Amino acid sequence: MSEEAPEILTIDIDGWEGPLDLLLALARTQKVDLRQLSILELVDQYIAFVNEARALRLELAADYLVMAAWLAYLKSGLLLPRNPEESPSPEELALRLQLRLERLNAMREAGARLVARDRLGRDIFRRGAPEGLRVLRKANWEAEIYDLIAAYGRISARTRPVMHVVAVRDVMTLEEAIERVSTLIGSRVDWTTIESFLPEGATGTYRKSALASSFVAALELAKQGRVELQQKSAFAPLYLKASA
């Protein structure tokens, strides 16, 4: 708004001279006789006010326009016959208008304060080397007697010396199996199952060990060309025969 443009609409008509908003407040409380005011002169002065203020803010002009319109409405309510069933009354409507204008003004002032705050990068600046925040953590342990005993058991199990004892088992070594299969395969002419090369009376884990060792021995002898292997299908009996 320019420096010459007025901020307050002051009217000078028969029966009143002063700001328009004060006239509206006095008219609401019936301290001014609106019958003596000329609405035509009020409109002429409002138009002159808008024309003279070259850079007048639009919201300011709108406020005064509403005030002038409500003054005209209040005067018409005084001149015309009053309808008792009319609700709300002109006085109550004028009070609502004043409250809304006050609320609007408060909103504008709050918006102006927000816009006028210091801005980061323009009015205030960050620190060049921010230090950050120190975080202090304190543990609050909660445990029952079972948790304490279980924790003690785990720690005790980790620190207790462990002695590993290898159980002696009756097994057939690979060397024994190769020697046994080599000896027996020389006397076999036809195809013979691998179970025939196991020791007589072998049972339990020893029989399983002997079967596994004899199988590896047969593969080794077949690799050397001393034994031929034959198996008709998967999981079928494995047959051995000395190479020709």
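The values are calculated or read from the model by the stated rules, or taken from the named source; none is laboratory data. What you are looking at is a predicted structure, and each value in this text was computed from that prediction instead of being measured. Neighbour counts run over all protein chains shown; Cβ positions are idealised from the backbone, glycine included. Just the protein is used for accessible areas: all its heavy atoms, side chains included, with ligands, DNA and RNA removed. Shrake-Rupley method; radii C 1.70, N 1.55, O 1.52, S 1.80 Å.
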Of the listed residues (ARG158, ARG154, ARG169, ARG180), the one being among the basic types (Lys, Arg) and not in a helix (DSSP H, G or I) is ARG169
Does region 229-244 contain any residue that is surrounded by 10 or more Cβ atoms within 10 Å (Cβ to Cβ) and either assigned to a helix (DSSP H, G or I) or of a type in the set (Asp, Glu) (or both)?
no
Scanning region 94-126 for residues that are under 30 Å from TYR73 (Cβ atoms) and among the small types (Gly, Ala, Ser), the one most open to solvent (accessible area, probe 1.4 Å) turns out to be ALA106
Discussion item. Among the residues in region 141-151, are any surrounded by 10 or more Cβ atoms within 10 Å (Cβ to Cβ) and either among the hydroxyl-bearing types (Ser, Thr, Tyr) or touching a Leu at 6+ places or on another chain (Cβ under 8 Å) (or both)?
Written reply: no
Margin query: Regarding region 34-56, can at least one residue be identified that is among the aliphatic types (A, V, I, L, M), modelled with pLDDT under 65 and within 50 Å of the chain's Cα centre (by Cα)?
Written below: yes
(message) Tell me whether region 219-226 contains one or more residues that are surrounded by fewer than 16 Cβ atoms within 10 Å (Cβ to Cβ), in a loop (DSSP other than H, G, I, E, B) and polar (S, T, N, Q).
(response) no
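Results for (1) at pLDDT 85 or above; (2) touching a Cys at 6+ places or on another chain (Cβ under 6 Å); (3) part of a helix (DSSP H, G or I), shown as yes or no for each residue.
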{"site": "GLU59", "(1), (2), (3)": "no, no, yes"}
{"site": "TRP70", "(1), (2), (3)": "no, no, yes"}
{"site": "ARG82", "(1), (2), (3)": "no, no, no"}
{"site": "GLU109", "(1), (2), (3)": "yes, no, yes"}
{"site": "LEU136", "(1), (2), (3)": "yes, no, no"}
Test for ASP14: is it surrounded by fewer than 10 Cβ atoms within 10 Å (Cβ to Cβ), modelled with pLDDT of 65 or more and more than 55 Å from the chain's Cα centre (by Cα)
yes
Note: among ARG137, ARG100, just one is farther than 30 Å from ASP21 by Cα and basic (Lys, Arg), namely ARG137
inquiry  = Tell me yes or no: at least one residue of region 194-216 is closer than 30 Å to ALA244 by Cβ, open to solvent by 40 Å² or more (accessible area, probe 1.4 Å) and in contact with a strand residue (DSSP E or B) (Cβ under 8 Å, 6 or more places away or on another chain).
reply    = no
